[in-house]
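Have a look at the structure below, then the notes.
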Amino acid sequence: MHYLERITIDPEVCHGKPCVRGMRWPVEVIIDMLGAGMSFDDILEDHPELEREDILACLSYAKVLVSGRSLREAA
């Protein structure tokens, strides 16, 4: 599965920030939870609407951004 397909950008959702599957879960919030020390299991237990693949998608998206590549190159 290509995880980046799970990241959506819609000007009508969270002010156009990249989000998970069109939901109001910005990538930055998921990354922040991981950075705060939450495990995948912690996040999924607290937020059952999310899936493991969503967290992996957020990490993939962050990797593309810090690599300097464009999203088109990564797709």
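Taking the residues in the stretch 39-75 that are loosely packed, with under 11 Cβ neighbours inside 10 Å and modelled with pLDDT under 95 as candidates, determine which candidate is nearest to residue 2 (Cα to Cα).
Per the stated criteria, the residue is 75.
Scan the stretch 19-43 and report the pairs whose first residue is in contact (Cβ under 8 Å) with a residue 24 or more places away in the chain and under 13 Å from residue 56 (Cα atoms) and whose second residue is assigned to a helix (DSSP H, G or I) and among the charged types (D, E, K, R), with Cβ atoms within less than 9 Å and a gap of 6+ or a chain change.
20/6; 20/54; 21/6; 21/54; 30/54
The values are calculated or read from the model by the stated rules, or taken from the named source; none is laboratory data. It should be emphasised that the depicted structure is a prediction, and the values quoted were computed from it without experimental measurement. So basically every Cβ, Gly included, is an ideal-geometry build from the backbone, and we count neighbours across all protein chains shown.
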